[in-house]
Every structure is written in structure tokens, then in C-alpha cells.
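The block underneath contains the structure these notes are about, expressed in C-alpha cells.
The values are calculated or read from the model by the stated rules, or taken from the named source; none is laboratory data. These numbers were taken from a predicted model, which means no experiment stands behind them. Cβ atoms come from the backbone with ideal geometry, glycine included; neighbour counts cover every protein chain shown.
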Amino acid sequence: MAKPTLNSLGTLLRDRRGNRGLREVAEEIDVSPATLSRVENGKLPDLKTFAKICRWLQLDPSEMLGCTTASVASNKPKQKVIYAHLRADSVQDPEIAQALADMIMAAQRMISDRILQ
């Protein structure tokens, strides 16, 4: 089977739904039948709908978007970049810069978790 992509989302949905009714599957996914129909016809869903569909299809959203697991799993390089930018301010206290970098990364994780719910 070919690697799933965002462009193949509609086809994957149609194939998995098979002969089942649009309304039945939409309720199972927790989206409206109109939304499910639009996605099956090639329209891109919003992030929340995308996450629900990926869960129903049992697919990793990062794989669908072409992200590698290693780049998604490791936030340490991002944290170092944020810290470096904050520390570049000669007036900034290094401890405050690190605390701000930690806070930004925590906020990013919370947003990512919320989108995938």
C-alpha cells in the first residue's frame, strides 16, 4: 500500500467507509455528514477534523503530513534555538531566557495535544 498523504485523505476515507452510510460513519468520527462528504471529495479539513479522521483511520497525523517521527519526537533542538534567540538579548538574564524557552515549549506541547484530541 502506498504511503498515506494529505492528498489521499478523501480516498482513504471512502475506501474505509465502504458501503456504510455517510451519516453513520460521520457520527462515528464525530463530524457532520457534510464535512465528511467534503473531505471525501478532496477538500482539506480543519485541524480538529483532521485529527478525528486520522484517529478513525488509525493513521499517524504526522505521517500524513510528511513529518518524520524523529523531528516530531525531539523538542530539544527547538528549545535550544528558542533559548539562543532569547539569550541573544544582552540585557536578558540567562535563567529568564531558559525559563521563557521552557514555557514556550510547554505551550507548544499543550496546543499540539489539544489539536490532536
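Of note:
- When residues in region 1-19 are screened for being within 17 Å of ARG55 (Cβ to Cβ) and among the basic types (Lys, Arg), 2 of them pass.
- Scanning region 20-65 for residues that are among the polar types (S, T, N, Q) and surrounded by 13 or more Cβ atoms within 10 Å (Cβ to Cβ) gives SER32, THR35, SER37, THR49, SER62.
- Remark: pairs (first residue in region 31-60, among the basic types (Lys, Arg); second residue crowded, with 16+ Cβ neighbours inside 10 Å and part of a loop (DSSP other than H, G, I, E, B); Cβ separation under 8 Å; 6+ apart in sequence or on different chains) = ARG38/PRO45; LYS52/VAL31.
- If the condition is being within 17 Å of ILE111 (Cβ to Cβ), within 11 Å of the chain's Cα centre (by Cα), at pLDDT below 80 and part of a helix (DSSP H, G or I), then region 30-73 contributes SER62, VAL72.
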